[in-house]
Amino acid sequence: MKIGILPTIREPYKKQFELSCDKNLFKFFNFVFKKKIEFRIIYAESEIKDIDFLVISGGNDIFKKNMADKLRFNLSKKIILKSISLKKKIFGICYGAQIIAKLFGSKFVKKKDISKEHFITLVSMKKKIKVNSFHNYEIVKINKKFSFIAINENKYVESFYSKKLKILCVMWHPERYTKFKNFDKKLIFKYLK
């Protein structure tokens, strides 16, 4: 299996940009798939055809105006649209969920309390689960091409998917737990078979 990771873009020094991703992403997907995985950092549309699965990692801000955020947004947009056209499976984490929601015209609200953990409700099961949180914006309403899986206590969207587009998104970071959760693994297998 070949997994492409669309990384964060950072500006550690003026006029110097770096691509980066959380090394725990590699550990998380090894936990999920339990087979040999070839990971690739994706930074061009031409690299999409050779992967099976695209991960849009967290980091950056879809509404900020600094150069790193603009570069990430433009790169992510091209890669996402190309991946959709090639019918690749896409998993969006935090920023990944937000940019997909934004590209499809969803509505957002600035988050008042950036707490690290909170409860979400799985809509189909009416079950509550505690997840982490590191984002500044919440998705108020999702495009009708998507169905939502989970909402938070404010009724904002925490997870959504499109079977037709082969996209699953979560607003939390499954890779940032000390011990990975089977819940996240089950979500990926259920919605990105």
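The values are calculated or read from the model by the stated rules, or taken from the named source; none is laboratory data. Not measured: the values here are computed from a predicted model. FYI the Cβ positions are ideal-geometry reconstructions off the backbone, even for glycines, and counts take in every protein chain you see. These accessible areas exclude ligands, DNA and RNA; they are computed on the full protein's heavy atoms, side chains included. Shrake-Rupley method; radii C 1.70, N 1.55, O 1.52, S 1.80 Å.
Annotations
- Measuring nothing but protein heavy atoms, the accessible surface of the stretch 89-143 at 1.4 Å probe radius is 53 percent carbon and sulfur.
- Kirkwood Rh (inverse of mean 1/r, distinct Cα pairs), the stretch 123-193, angstrom: 12.9
- Listed residue (Asn60, Gly105, Gly92) projecting farthest to the positive dipole end of the stretch 38-115, Cβ model: Gly105
- Sequence-distant aspartates and glutamates (8 or more away, or on other chains) whose Cα lies within less than 20 Å of Lys181: Asp22, Glu117, Glu158
- Counting only DSSP H runs of at least 4 residues, each contributing -39500 (n - 2.57), and dividing by the residue count of the chain, the helix-based mean residue ellipticity at 222 nm comes to -7500 deg cm²/dmol.
- Beta bridges by DSSP in the chain, antiparallel share as percent, to the nearest 5: 60
- Within the stretch 10-127: Cβ-based charge dipole about Cα centre, in debye rounded to nearest 20 (Lys, Arg +1; Asp, Glu -1): 280
- Accessible surface ranking that places the most exposed of Met67, Met1, Met171 first, with a 1.4 angstrom probe: Met67, Met1, Met171
- Rg in Å to one decimal, and Dmax rounded to a whole Å, for the chain via C-alpha atoms: 15.6, 49
- Surface analysis of the stretch 107-168 yields an accessible area of 63 Å² per residue, using protein heavy atoms and a 1.4 Å probe.
- Given a 1.4 Å probe and the protein chains as shown, Cys94 ends up with an accessible area of around 10 Å².
- Across the stretch 58-193, C-alpha contacts under 8 Å between residues 6 or more apart give a mean separation that, scaled by the residue count, equals a relative contact order of 23 percent.
- Cα pair distances exceeding 21 angstrom across the stretch 87-162, given as percent: 21
- Descending semi-axes in Å of the stretch 52-128, equivalent ellipsoid built from Cα gyration tensor: 23, 19, 11
- Cα centroids of the stretch 86-127 and the stretch 130-193: 5 Å apart.
- The listed residues Asp22, Asp61, once ranked by accessible area (1.4 Å probe) with the largest placed first, stand as Asp22, Asp61.
- Subset of Lys23/Lys164; Lys35/Lys70; Lys23/Lys185 violating a 28 Å alpha-carbon distance limit: Lys23/Lys164; Lys35/Lys70
- Of Thr121, Thr178, Thr8, the order by accessible heavy-atom surface (1.4 Å probe, DNA, RNA and ligands excluded), from most exposed downward, is Thr178, Thr121, Thr8.
- Computed from backbone phi with θ = phi - 60° and the Karplus coefficients 6.51, -1.76 and 1.60, the 3J(HN,Hα) list for the stretch 164-173 is 5, 8, 6, 10, 10, 10, 9, 8, 9, 10 Hz; x is used for glycine and proline.
- Calculated from backbone phi, Karplus (6.51, -1.76, 1.60) coupling profile of the stretch 121-126 in Hz, x at Gly/Pro: 10, 6, 4, 5, 9, 6
- Of the trypsin sites (Lys or Arg not before Pro) found in the stretch 11-42, those in coil by DSSP whose Cβ has at most 14 other Cβ atoms within 10 Å are Lys14, Lys15, Lys23, Lys34, Lys35, Lys36.
- Pairwise centroid distance, computed over Cα atoms, of the stretch 1-20 with the stretch 52-71, Å: 9
- Rounded to the nearest whole Hz, the Karplus-based 3J(HN,Hα) values (6.51 cos²θ - 1.76 cosθ + 1.60, θ = phi - 60°) of the stretch 174-186 follow the sequence x, 7, 9, 8, 4, 10, 4, 9, 4, 4, 5, 4, 4, with x at glycine and proline.
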